[in-house]
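Student: Next up is a structure, given as structure tokens.
The values are calculated or read from the model by the stated rules, or taken from the named source; none is laboratory data. Computed from a prediction, not measured in an experiment: that's the story for all the values here. As a convention, Cβ positions derive from the backbone with ideal geometry for all residues, glycine included, and neighbour counts pool all protein chains shown.
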Ligand SMILES: [Zn+2]
């Protein structure tokens, strides 16, 4: 039962994991993740790469409820 939303595999170079989130390509490039294709608008990220992405962007935005 999977309709709509995210589907496919992670767009990070060399990664074949199932995608979990889609992120604007610009942000992913800024975060320094290597992509298979940079001419797309939305990048699919697997769970692990999304984590990495969030780590590198942590100072920009506080999406997390970590609270210092
Ligand atoms: Zn990945």
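Student: Given the options 18, 7, name the one that is modelled with pLDDT of 95 or more and surrounded by fewer than 16 Cβ atoms within 10 Å (Cβ to Cβ).
Tutor: Only one candidate passes the filter, namely 18.
Student: Of the residues 25, 12, which single one is more than 10 Å from the ligand (Cβ to nearest atom) and either at positive phi or modelled with pLDDT of 95 or more (or both)?
Tutor: Result: 25 is the single residue among 25, 12 that is more than 10 Å from the ligand (Cβ to nearest atom) and either at positive phi or modelled with pLDDT of 95 or more (or both).
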